[in-house]
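All remarks here apply to the structure that follows.
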Amino acid sequence: MKIEDIENIELVYLNLKDYQELKSAMIQAYETMPDEYWEEKHIKTLIQKFPEGQVVVKINDKIAGCALSIILDYENLSDQHTYKEITSNYTFDSHTNEGDVLYGIDVFIKPEFRGLRLGRRLYDYRKELCEKLNLRGIAFGGRLPNYHAYADRMTPKEYMEKVRRKEIHDPVLNFQISNDFHPSRILHNYLEGDAASNDFAVLLEWDNIYYQKPSKKLTVNKKVIRIGLIQWQMRPYKNLDELMQHAEYFVDAVAGYRSDFALFPEFFNAPLMAENNHLSEPQAIRELAKYTETIVQKFSELSIAYNINIITGSMPEMKGDRLFNVGYLCRRDGTIDRFEKIHVTPDEAKVWGMQGGEELKVFDTDCGKIGILICYDAEFPELSRLLAEDGMDILFVPFLTDTQNGYSRVRHCAQARAIENECYVAIAGSVGNLPNVHNMDIQFAQSMVFTPCDFAFPTNGIKAEATPNTEMTLIADVDIDLLRELNQYGSVRNLRDRKKGLYEVRWLKDGK
C-alpha cells in the first residue's frame with residue numbers, strides 16, 4: 001500500500017470479533033509457515049487474561065499488524081527457556097499481573113503494509129505500556145531467520161555479532177536492535193520447527209529506565225511529552241523534492257528520539273521563491289503558494305511513516321483570490337488540521353498583500369490539547385488566553401524574524417504567554433540568508449521551550465534553548481502533570497486568580 005492511499009491509521013485493542021480477519025492476516029504474514037497461526041481459543045484467552053497487551057494497528061479500518069504479549073515474573077525466566085515454557089504450552093497460564101516484565105508473544109505486519117514503519121509503532125506502544133504499568137522491561141525470543149545460511153561456518157553467537165556490526169543483514173535482528181533492544185543470550189531449541197533459525201533464537205531485552213520497585217507509597221503517573229524543534233537553515237534548493245528530502249532528514253532525526261511533535265518554522269519553504277525572483281514580490285509568493293498542497297501531503301506521509309505529529313510551520317496559501325499565511329497539523333494517525341495567522345505583519349500586508357485569518361481553535365492530539373500561533377500572533381495575549389481557556393497545555397509558535405529586534409519581541413512575548421497561561425510554549429525559527437529571494441534576505445532565530453516560573457520548573461522559565469543562528473534540532477521533555485499541580489498549588493495561580501467578574505476575553509466571530 002502507498003502512503004497516499006491511507007485515510008486513517010489507528011492502534012486499538014484486539015477484539016475477538018475481529019478473529020477471522022486476524023486469522024487471514026496471520027496466514028499472509030507467516031508466508032513461510034502458512035499453517036502456523038493462533039487459533040480463536042488462544043486469542044480469546046489472551047484477551048481475557050491481559051487485554052491491554054493485545055493490540056492491532058488498523059489502516060483504513062483493516063488490520064495491518066498485531067502485537068501479542070503477557071506479563072511474567074523475570075526471576076522465573078530460566079536461562080534456556082523455550083516458547084512452550086513461556087506460554088505454558090500455549091495456555092498462557094504463565095501470565096501474572098504481579099510480574100515485572102512484559103514478554104512479547106508475537107508481532108507481525110501483513111506483507112502489503114510493510115515499509116510503513118508499523119512495527120516500530122507497535123514496539124513504541126509496548127514501551128509505553130511497560131512504562132505505564134511500571135514494569136522493569138520488555139523481553140522476547142527473537143528468531144534468526146537467515147542463520148541457516150551461515151550455520152555451517154559460524155556459531156549463533158558469531159552470527160549475532162556480525163549482524164550487530166552490520167557485516168550480515170538479518171531483517172528481524174536488525175529491526176530489534178534499531179528499536180533499542182539489546183541481545184541478552186542465545187536460546188537453544190526455542191521455537192519448534194523454526195528451520196530457518198536452526199531452532200536458535202536470541203533473547204532480546206529493553207530496559208525501562210523509569211522503572212521503580214513497587215512500594216506502599218502513593219505515586220502519580222506523569223504524562224511526559226517530547227518536543228522536537230527544527231531550527232531550519234535557509235539555503236538554495238534545486239526543487240521541491242530536494243527541500244522535502246531535507247525536511248525528512250530532520251523528521252527522522254527527532255523521531256529517532258521518540259519525539260511526539262516536530263515543529264518547523266514559519267515560511268521554511270521560502271527558498272523555493274528563488275526561481276521566481278524575476279517576478280514581482282506579490283507574484284513570486286503566489287507562485288510559492290502553489291506548492292503548499294503538495295507539501296502538506298508529503299508532511300502527512302512523513303508523520304505516518306515516522307510516527308510523529310508534525311506542525312508544518314507556515315506557508316502561503318490562496319483561498320479564492322486572497323492570500324493567507326497558514327500551517328497544518330499533520331497527526332501521526334493520518335488526520336490533518338489547518339491553522340491561520342490572524343495578525344499579519346505590516347510588511348506582509350504591504351509587500352505581499354497578505355490577509356489575516358479568522359479561525360482560532362485548540363487541537364486535540366494523542367498528547368493532549370495544543371494551540372498554534374504563527375509568529376506575530378504570539379504578541380497578542382488575547383489569542384493565547386482564549387486557547388488556554390479551552391484547555392491548551394502546549395503552545396507552538398513557528399516564527400520568522402529578520403533582526404534581533406523582531407526576534408526579541410517574539411521571544412519575550414512567548415515567554416509571557418507561558419507564565420500567564422500556565423502552559424509550555426515552544427518556538428522555532430529559521431536562520432541564515434537568502435540573497436536571491438526578495439524580501440527574505442536575512443533571518444535571526446534562537447528556538448526555545450518556555451515554562452511557567454515556579455518551583456517545579458526552571459527558575460528562569462527556560463526548559464531548553466538552541467544555539468542562536470545555527471542550524472540544529474532542539475529536543476525537550478515537558479511534563480503535563482506539573483501544569484496540573486501548578487494550577488492547584490502554585491505560588492501564584494494566574495488562571496484561577498483572574499477576576500472574571502471585572503473583565504473577560506471573548507472571541508466575537510460567529511457570536512462567540
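Under a 5 Å amide H cut-off, with hydrogens placed 1.01 Å from N, MET354 pairs with ALA349 among residues at least 5 apart or on other chains. Note the angle between two axes, namely the Cα long axis of helix 292-305 and the longest principal axis of the Cα atoms of the chain, as a number of degrees from 0 to 90, rounded to the nearest 10. Between the helix axis and the principal axis of the chain, the angle is about 30 degrees. According to the calculation over all Cα-Cα pairs in the stretch 3-207, the P(r) per 10 Å bin from zero is 8, 34, 40, 16, 2 %.
Overall size of the chain from C-alpha positions, given as principal axis extents largest first: 74, 56, 41 Å. Ordering SER314, LEU122, PRO111 by Cα displacement along the dipole of the chain toward the positive end leaves SER314 in first place; charges were set at the Cβ atoms of Lys, Arg (+1) and Asp, Glu (-1).
Hey, got the dipole for the chain? About the Cα centre, +1 on K and R Cβ, -1 on D and E Cβ, debye to the nearest 20?
Here the size comes out at about 940 debye.
Pairs of Cα atoms in the stretch 166-315 fall into 5 Å distance bins, from 0 up to the last occupied one, in shares of 2, 7, 12, 13, 12, 10, 10, 10, 8, 6, 5, 3, 2, 1, 0 percent. If a spin label sat at a point 7 angstrom from the Cα of LYS62 along the line to its beta carbon, the backbone N atoms of the stretch 3-17 nearer than 18 Å would be those of 3-12.
What whole-number distance in Å separates the alpha-carbon centres of the stretch 41-80 and the stretch 387-464? Computed from Cα coordinates, the inter-centre distance equals 43 Å. Label positions at GLU112 and ASP321, each projected 7 Å from the Cα along the C-beta direction, are separated by 4.7 nm. Cα convex hull, the stretch 93-146: 106 Å³ per residue, rounded to a whole number. The calculated FRET efficiency for the pair ASN433 and TYR90, based on their C-beta separation and a Förster distance of 60 Å, comes to about 0.40.
The eigenvalues of the Cα gyration tensor, multiplied by 5 and square-rooted, give the stretch 409-512 an equivalent ellipsoid with semi-axes of 32, 21, 10 Å from largest to smallest. For the stretch 294-371, the equivalent ellipsoid built from the Cα gyration tensor has semi-axes of 26, 14, 9 Å, listed from largest to smallest.
Distance check, please: which entries in LYS298/LYS361; LYS2/LYS49; LYS58/LYS298 exceed 29 angstrom between their Cα atoms?
Over 29 Å Cα-Cα: LYS2/LYS49.
For the stretch 251-306, the calculated P(r), taken from all Cα-Cα distances in 10 Å bins from zero up to the bin holding the longest distance, is 21, 41, 25, 13, 1 percent. Residues whose amide H falls under 5 Å from that of GLN233, counting only those 5 or more places apart or on a different chain, are VAL431, with hydrogens built in the peptide plane.
Applied to the stretch 265-281, the Karplus parametrisation 6.51 cos²θ - 1.76 cosθ + 1.60 on θ = phi - 60° returns per-residue 3J(HN,Hα) values of x, 5, 6, 5, 8, 4, x, 5, 6, 4, 5, 10, 5, 6, 8, 5, 4 Hz, with x for Gly and Pro.
Using the Cα centre of the stretch 3-207 as the reference point, and only Cβ charges (+1 on K/R, -1 on D/E), how large is the resulting charge dipole? Debye, rounded to the nearest 20.
320
For the stretch 27-131, the C-alpha radius of gyration divided by 2.2 N^0.38 Å, with N the number of residues, is 1.10. Extending 7 Å from Cα along the Cβ direction at ASN487 and again at ALA195 yields two label points whose distance is 6.1 nm. Simple spin-label estimate for GLU287 and GLU128 gives 4.3 nm between the two label positions (7 Å along the Cα-to-Cβ direction from each Cα). Taking 0.36 nm per residue of sequence separation and removing the Cα-Cα distance, the ARG498/GLN80 pair yields an extension gain of 144.1 nm.
Between ARG258 and ASP207, full extension at 0.36 nm per residue minus the direct alpha carbon distance yields a gain of 16.8 nm. In this structure, ASN97 and PHE175 have a Cβ-Cβ separation that, at R0 = 35 Å, corresponds to a calculated FRET efficiency of about 0.75. Rg/Rh for the stretch 224-511 stands at 0.96; both radii use Cα atoms, and Rh follows the Kirkwood definition.
No value in this document is a laboratory result; all are computed from the given coordinates. Everything numeric here is computed off the predicted structure, so don't read it as measured data. As a convention, Cβ positions derive from the backbone with ideal geometry for all residues, glycine included, and neighbour counts pool all protein chains shown.
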